[in-house]
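All remarks here apply to the structure that follows.
Laboratory data are not the source of any read-out in this text; all were calculated from the coordinates shown. If you're wondering where the values come from, they're calculated on a predicted model, not measured in any experiment. Here the Cβ positions follow ideal geometry from the backbone for every residue, glycine too, while neighbour counts run over all protein chains shown.
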Amino acid sequence: MSQPLLVLEEVLAMLKVVDVSPAKIAAFKRQAETVLGTRTVAGADGIVVQSGYGSVSQRGFVELSLNDVERVQMDVAKAREIGGMLIEAASAAASDETVAWLLRERVGLTNPEQLGAILLDLRTHRQGGRTGQAH
């Protein structure tokens with residue numbers, strides 16, 4: 001089962017929305033940056049996707065390997081579903097990057113928390129949720 005992931009700016013924006021004090025938000029941000037800075041991030045070059053055919057099941061399958069650590073086999077329908085999700089997520093990420101650039105370069109918005117709040121609203125709207133909450 002997949003879990004939604006959030007970027008730090010989104011979390012900081014949510015903390016503001018629920019009226020967490022600026023001092024606690026700053027402390028959380030420092031701690032999060034410290035923790036995130038210690039993580040080892042595996043590169044995307046460790047992803048291998050292969051097709052296969054099960055001699056027992058008599059069905060085609062797709063195998064996804066991540067950094068030689070994780071290996072998952074799935075049926076064709078699930079692989080197509082995941083492929084579509086990857087394409088949608090990549091398009092959304094490109095859109096977020098463009099909006100962030102426009103806000104920074106054309107509008108002059110440099111506050112990362114405000115930028116994160118706007119991107120969170122954009123993501124919520126894109127996913128069919130409601131936007132327009134006070135920040």
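For V72, are the conditions met, namely being in contact with a Lys or Arg (Cβ under 9 Å, 6 or more places away or on another chain) and of a type in the set (V, I, T)?
When the stated conditions are applied, V72 does not pass them.
Hey, among L36, L109, which residue is in a loop (DSSP other than H, G, I, E, B) and surrounded by 10 or more Cβ atoms within 10 Å (Cβ to Cβ)?
Values: L36 fails: in a loop (DSSP other than H, G, I, E, B).
The conditions single out L109.
Which strands (runs of 3 or more DSSP E) sit wholly inside region 47-91 and have at least 3 residues that are among the charged types (D, E, K, R) and more than 27 Å from R126 (Cα to Cα)?
On the way: elements: 47-54, 59-66, 70-75.
So the answer is 70-75.
May I ask you to verify whether S95 is in contact with a Leu (Cβ under 9 Å, 6 or more places away or on another chain), of a type outside the set (K, R), part of a helix (DSSP H, G or I) and without any contact (Cβ under 8 Å) to a residue 40 or more places away in the chain?
Judged against the criteria, S95 is a match.
For region 73-96: of the residues being among the β-branched types (V, I, T) and surrounded by 12 or more Cβ atoms within 10 Å (Cβ to Cβ), which is farthest from I118 (Cα to Cα)?
Step by step, filter region 73-96, then rank; the result is V76.
Go through S51, S65, S55 for me and flag whichever is surrounded by fewer than 10 Cβ atoms within 10 Å (Cβ to Cβ) and over 17 Å from the mean Cα position of the chain (by Cα). So that I can check it myself, show each step before the final result.
Details: S51 fails: surrounded by fewer than 10 Cβ atoms within 10 Å (Cβ to Cβ); S65 fails: surrounded by fewer than 10 Cβ atoms within 10 Å (Cβ to Cβ).
The unique qualifying residue is S55.
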